[in-house]
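Worksheet: one structure, shown below.
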Amino acid sequence: MRYLIANLKMNLISYEENISYLTTLLDVAKRNRRVGVKTSLVICPSFPFLSLFQKKLPKRLFLGAQDVAFSERGAYTGYVPARSLADNGASFVLIGHSESRRYGGDTNERISEKIRLSVRNGLRPVLCVGESAAERAAGQTALVIRRQISEALHDISSEEWTRGIIAYEPCWAIGTDHIPRSDDILEVSIAIRRTLVEILDRTLAQSVPILYGGSVNVERISEVCLAPGLSGVLVGRESLLPEELLAMVSALDA
Ligand code: PEP
């Protein structure tokens, strides 16, 4: 199975904007009956609109959340727990996105807790990892990725991680129109797989889907997916354009 995870971020802010997006998306999906057969399309709206998307999305499309609280319940003003996400239709959740690390104070330890709580509540965690431009320039990409994964999964058992997904998102490629060469993506995906093999049950480690994210669009998707061993993409800006989104699903299907 391949995956296209569409991260709408905080771009659709009103009810009207979300309804308008949904109407176009459903219209395009209706014309593409095969969407969802080979490639799982996962839409991640902002928290308040999860239940609206749950009501409107056809069963063959999936719903994801953009983040999750690091605690089960309690005095955590402003946070949204895994149970609430699941009850509002989410089946996937992005964890450790570079923007959550940067603005939300996500540490690898906190990310680990988020993974545990997500899994406990039936959500599929999508662990986002990636190096900064400075780390890349210093030749530390593999080291950084390895640390992010091993610390995030440090306390997570193979049983807990069974349905987990890794998204490699170099910070310098997000929102910039720069993408790594497919050879570089391949090299990082090998480093990710090696790290997983060291931490998890070997068979499971070999089967964990690895996605690429960062400035993917219709023109670049085939270039990105030239890297063997990738199971799909995580898309930001372009997911705001349903026609483009569905064209990318067809490219992944091919
Ligand atoms: C992202 O933020 O996860 C992302 C991939 O963004 P963009 O596609 O806009 O680079």
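All of the numbers you see were taken from the coordinates with simple rules; none came from a lab. Keep in mind the model is a prediction, meaning the values are calculated, not measured. Because the Cβ atoms are built from the backbone with ideal geometry, glycine has one as well, and the counts that use them run over all protein chains shown.
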- request: Can you check what the Kirkwood hydrodynamic radius comes to for the stretch 67-215, Cα pairs only, in Å to one decimal?
  value: 15.6
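Restricting to Cα pairs below 8 Å that are 6+ residues apart, what does the relative contact order work out to for the stretch 80-197? Please round to a whole percent. Before the final figure, lay out the partial values.
Numbers: 138 pairs, mean separation 33.0, N = 118.
Over the stretch 80-197, the number comes to 28 percent.
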- request: Hydropathy first: keep DSSP H helices in the chain averaging at least 0.5 on Kyte-Doolittle, then drop any whose Cα extent along the axis falls short of 20 Å, and list what survives.
  value: 182-199
query: Where the centre of each part is set by its Cα atoms, how far does the stretch 168-235 sit from the stretch 12-48, in angstrom?
result: 24
- request: Run the dipole for the stretch 2-253 about the Cα centre, Lys and Arg Cβ at +1, Asp and Glu Cβ at -1, nothing else charged, and hand back the magnitude in debye, nearest 20.
  value: 780
- prompt: For the charge dipole of the stretch 2-253, defined by +1 on Lys and Arg C-beta atoms and -1 on Asp and Glu C-beta atoms about the Cα centroid, which residue among Cys128, Gln140, Thr203 has the Cα displaced farthest towards the positive pole?
  reply: Thr203
Euclidean distance of C-alpha centroids, the stretch 54-74 and the stretch 101-155, integer Å: 20
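So what is the calculated 222 nm ellipticity per residue for the chain, using -39500 (n - 2.57) for each DSSP H run with n of 4 or more, over all residues, to the nearest 500 deg cm²/dmol?
-13000 deg cm²/dmol
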message: Highest mean first, how do 95-102, 74-81, 7-14 rank when packing is the count of other Cβ atoms within 10 Å averaged over residues?
response: 95-102, 7-14, 74-81
- prompt: Stokes-Einstein D for the stretch 1-121 at 10 °C, 1.306 mPa s, Kirkwood Rh over Cα pairs, in µm²/s?
  reply: 105
query: Of His178, Ser150, Gly164, which is farthest along the charge dipole of the stretch 134-203 in the positive direction, counting Lys and Arg as +1 and Asp and Glu as -1 at C-beta?
result: His178
message: If packing is taken as the average number of other Cβ atoms within 10 Å across a peptide's residues, how do 224-233, 148-157 rank, most packed first?
response: 224-233, 148-157
query: Counting only residues 5 or more places away or on other chains, whose amide H sits under 5 Å from the amide H of Ala69 once H atoms are built in the peptide plane?
result: Val80, Ala82
- line: Treating only Lys and Arg (+1) and Asp and Glu (-1) as charged, each at its beta carbon, one finds that the stretch 1-108 has a dipole about its Cα centre, in Debye to the nearest 20, of 680
- prompt: For the chain, with equal point scatterers placed on the C-alpha atoms only and solvent neglected, what are the log10 I(q)/I(0) values from the Debye formula at q = 0.12 1/Å, to two decimals?
  reply: -0.65
message: With a cut-off of 8 Å between alpha carbons and a minimum separation of six or more residues, what is the relative contact order of the chain in percent?
response: 21
query: Using the C-alpha gyration tensor of the stretch 195-245, what are the square roots of 5 times its eigenvalues, in whole angstrom, with the largest one first?
result: 28, 11, 8
